[in-house]
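For reference, the structure discussed in these notes is given below.
The values are calculated or read from the model by the stated rules, or taken from the named source; none is laboratory data. Since the structure is predicted, the reported quantities are computational estimates derived from the model, not experimental observations. Neighbour counts run over all protein chains shown; Cβ positions are idealised from the backbone, glycine included.
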Amino acid sequence: MNEVYQSACPLNCWDSCGFKVTVDKGKVIKVDGDPNHPITKGKICGRGRMLEARTNSSERLLYPLKKVNGVFERISWEKALDEISEHMKEIKEQFGPLAVLHSHDYANNGVLKNLDQRFFNCFGGVTELKGSLCWGAGIEAQKWDFGDAYSHGPEDVLNSKNIIVWGRNVSRTNMHFYQTLQKAKLQGARLFVIDPIFNPTAKIADQYISIKAGMDGFLAAGISKEMLRLGLEDRKFLNSFTEGFEGFSELLNGISLQEISEITEVPAEEITKLAYIFADKPTSIYMGLGMQRYKNGGNTIRLIDALAAISGNIGIKGGGANYANLQVGQSFQYNELSLSNRKTGQRQFTIMKQAEEILAAKSPPIQMIIVTCGNPLTQVPDSNIVKEAFLSVPNLVVIDHYMTDTAMMADYVLPAATSFEEEDLYYSSMYHHYVNYGPKLTDPPGEAKPDLWIWTELAKRMGFGSDFDYTRDQWLQMSLALLEANGITVEQIKQEHFTELPVKEIPWSDKKFKTPSGKYEFTSKLGQLKGDNGFLKLSFPEESKWANPELAKKYPYSLLTIHPQKSNHSQNYHLFAKEPAVKVEAAKNIADRLGLQEGDEVRVWNDRGEIKGTLSILKKAHPDTINIDEGIWSKFGGSVNLLTSSGESDNGLGSILYDCLVNIEKWETKTASY
């Protein structure tokens, strides 16, 4: 008999949806939206529905595997864990714990997924990754400006007179916000979309502003410059609640509006119109993650923050420089979960440059990599170097549901349970502020085990099993320790299935910022403490005609690698009913210039690598722009990260995946001469 349970989406996504999951005879057979969820209200995306296929696919890893003479062989859990723990002990004794690298990403956002950190800290502290492929530069930027990265509550956009969606296709990545935008428009709000690609969100906008990829910071500076010229700035906010404005004003005086127009490829008159729109308060800004994936990415977000400050749209209803909402995750007691005080040493590589760091590592060299919640051979930039680095390490352990590109290279592959096969709490630090409960609904297939079981068993073998001697309820209670004063308990969340967390829905409304000065900082003291001068800058992407004209002559087109519509990064490509293939989307001017037709087979390349795919012409994309969705596996023609750079953003904590110039040609014509 079918039974329907309330559950939650585990994916690292803006929306963090409530689910209704149908189970029949111990098997998940259907995933729907929960109509009672206060934010997601019964609607979910295709990625969420794909969790049924992800749970039930015949391609699931069922048993521990060990590579012997280049071939995977099934082994027992006991043997796998014994051997891995013995390798770890030997490495620790000979090289120290830092010879182990933990390569971790954020495929799923369960609170208890963070217990991997507890294991590695109890081991003595391993080489860890810092920064983020997704959003690290922007997070750090807002910490420099505000002291932290906070966003307004989801419904506050209904208080906006004007809404600026900047570099963010919410129809693909944040569907419930898309619906709220439609509601806001019906109430009279005006919607403006700024993006290099004319996307479905742009279709419902009152105005679409097409911009040269990577030049968003210059546009923000241009709007700020025009606001000052026209006397539209909020002098009360600037005089009372900010520091360093004079330096920013001087920076703007050093560039003309015409220069900014040429750089951004946005008409000067449009920049002037936007200045009036920002002055017509309340105006809210909703930023995407793509425009901070450049060498100048942190500064780009800071310039947009500065625009919100100059216009006085900070700390008011219907305003905000909305990028991330870290106050949601700050509700949980991660320090107690992770036991960071147990480290005896520390070494960090950035997630972007982990491959180069692995190859260069001395004192100690990396002797083992353990991969959790990620597929770095597909997702980390400059894939050829990543492959070389991972092949150079004597021991590679991968914990996953499937035989990914990374798992194929492993010495040991450990089969993990999916979200419906374990209990956890889920939330998003990007959009709404509800924590959702995900109960265990079914048993894992074969011998697959929850991550927590794997860490517990390894901890026993390593001699610190008592640090993992807790029930799942006790772990959850530990994570909620900070919320006890608000009456939020594990029992309450289990009963309600979703619980509102105590956050400020209008951040900075008291005009008290978490910066060293307590004010909004145009010149960042935190930046200065980290070795930067803290000043705002007018800086270019590393790969652009402005910063590298010779490279731009060789590779004249900007490559974007946006989030796929049907897969959470690389997670679902192998589950599609129709085998996926690389689609190369190119602006119409490129096709016209090169004589390319819809459906042509094309090659896209640069000095790092090449990828082949089928051409799709984007009729309204900004000129000289190409997109190839990220995440596709090597067996389907990927990864697009064969082309992308492993460089670090200006503040060191973000990727520069979009800072990528390429060339393109028809491939059938090229191969015909061979």
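Given the criteria assigned to a helix (DSSP H, G or I), more than 26 Å from Ala355 (Cβ to Cβ), in the same structural domain as Phe390 (by TED's automatic domain parsing) and out of contact with any helix residue (DSSP H, G or I) (no Cβ under 9 Å at 6 or more places or on another chain), does Lys89 qualify?
So Lys89 does not fit the description; no.
Name the residues in region 418-441 that are out of contact with any strand residue (DSSP E or B) (no Cβ under 6 Å at 6 or more places or on another chain), part of a loop (DSSP other than H, G, I, E, B) and over 30 Å from Val165 (Cα atoms), would you?
Thr418, Glu422, Glu423, Pro439, Lys440
When Ser363 is evaluated against the numbered criteria (1) in contact (Cβ under 8 Å) with a residue 12 or more places away in the chain; (2) on the phi > 0 side of the Ramachandran plot, which criterion, by number, is the only one it fails?
The number of the failed condition is (1).
Considering every residue within region 323-335, establish whether at least one is touching a residue at least 40 places away in the same chain (Cβ under 8 Å) and under 20 Å from Leu238 (Cα atoms).
no
Quick one: in region 27-71, which of the residues that are of a type in the set (Ser, Thr, Tyr) and touching a residue at least 24 places away in the same chain (Cβ under 8 Å) is nearest to Lys183 (Cα to Cα)?
Applying the filter and picking the extreme gives Thr40.
Quick one: count up the residues across region 357-372 that are within 19 Å of Asp411 (Cβ to Cβ) and polar (S, T, N, Q).
Of the residues in region 357-372, 2 are within 19 Å of Asp411 (Cβ to Cβ) and polar (S, T, N, Q).
Residues that are within 17 Å of Pro507 (Cβ to Cβ) and β-branched (Val, Ile, Thr): list the strands (runs of 3 or more DSSP E) wholly contained in region 277-373 that include at least 1 such residues.
Ranges flagged: 283-287.
Quick check: anything in region 575-585 over 28 Å from Asn56 (Cα atoms) and not small (Gly, Ala, Ser)?
yes
Tell me which residues, restricted to region 353-387, are hydrophobic (A, V, I, L, M, F, W, C) and at pLDDT below 95.
Answer for region 353-387, where residues must be hydrophobic (A, V, I, L, M, F, W, C) and at pLDDT below 95: just Cys373.
Step by step: first the residues of region 587-613, then only those that are among the basic types (Lys, Arg) and outside any loop (DSSP other than H, G, I, E, B), then the one that is nearest to Asn384 (Cα to Cα). Which residue is that?
Lys612
Does Lys578 satisfy being surrounded by fewer than 23 Cβ atoms within 10 Å (Cβ to Cβ), assigned to a loop (DSSP other than H, G, I, E, B) and without any contact (Cβ under 8 Å) to a residue 12 or more places away in the chain?
Judged against the criteria, Lys578 is a match.
When region 229-241 is examined, which residues are found to be touching a Ser or Thr at 6+ places or on another chain (Cβ under 9 Å) and surrounded by 17 or more Cβ atoms within 10 Å (Cβ to Cβ)?
Leu232, Glu233, Asp234, Phe237 - these are the residues of region 229-241 that are touching a Ser or Thr at 6+ places or on another chain (Cβ under 9 Å) and surrounded by 17 or more Cβ atoms within 10 Å (Cβ to Cβ).
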